[in-house]
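Trainee: Pasting a structure here, questions to come.
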Amino acid sequence: MLMPETGLQQALEVAERLREIVATTDVIREAGLPLHFTVSIGVVTLQGKDVNLDMLLNLADRALYQAKAGGRNKVCVAA
């Protein structure tokens, strides 16, 4: 998700709200038990003019896998 003109703190708040909504929402199937989902999210901010989309996606992907490795259902910021 791209959020133009959004600072890191705001992006983290949005990501955390999204993570919480997904974790607390059940998908009810016609025949059977409800499905529960969680989501891991990697957050990155655009800093500097030399950063391109490929670099941002790579950093966000690293943060995503950091969240997964840390126990899943987390939000992590690219370092």
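The values are calculated or read from the model by the stated rules, or taken from the named source; none is laboratory data. Computed from a prediction, not measured in an experiment: that's the story for all the values here. Neighbour counts are summed over all protein chains in view; Cβ atoms, including those assigned to glycine, are modelled from backbone coordinates with ideal geometry.
Trainee: Counting just the residues of segment 58-73 that are part of a loop (DSSP other than H, G, I, E, B) and over 12 Å from the mean Cα position of the chain (by Cα), which one comes out surrounded by the most Cβ atoms within 10 Å (Cβ to Cβ)?
Mentor: The extreme case among them is GLY70.
Trainee: So MET3 passes all but one of these: (1) over 13 Å from the mean Cα position of the chain (by Cα); (2) modelled with pLDDT under 90; (3) not small (Gly, Ala, Ser). Which condition number does it fail?
Mentor: (1)
Trainee: Now for a different question. With the checklist (1) part of a strand (DSSP E or B); (2) more than 10 Å from the chain's Cα centre (by Cα) in hand, flag the one item CYS76 doesn't pass.
Mentor: Every condition holds for CYS76 apart from (2).
Trainee: Restricting to segment 22-41, give me the number of residues that are among the acidic types (Asp, Glu) and either touching a strand residue (DSSP E or B) at 6+ places or on another chain (Cβ under 6 Å) or surrounded by 10 or more Cβ atoms within 10 Å (Cβ to Cβ) (or both).
Mentor: Number of matching residues: 1.
Trainee: Can you spot a residue in segment 46-57 that is among the charged types (D, E, K, R), loosely packed, with under 10 Cβ neighbours inside 10 Å and not in a loop (DSSP other than H, G, I, E, B)?
Mentor: Within segment 46-57 (the criterion being among the charged types (D, E, K, R), loosely packed, with under 10 Cβ neighbours inside 10 Å and not in a loop (DSSP other than H, G, I, E, B)), the answer is yes, since at least one residue qualifies.
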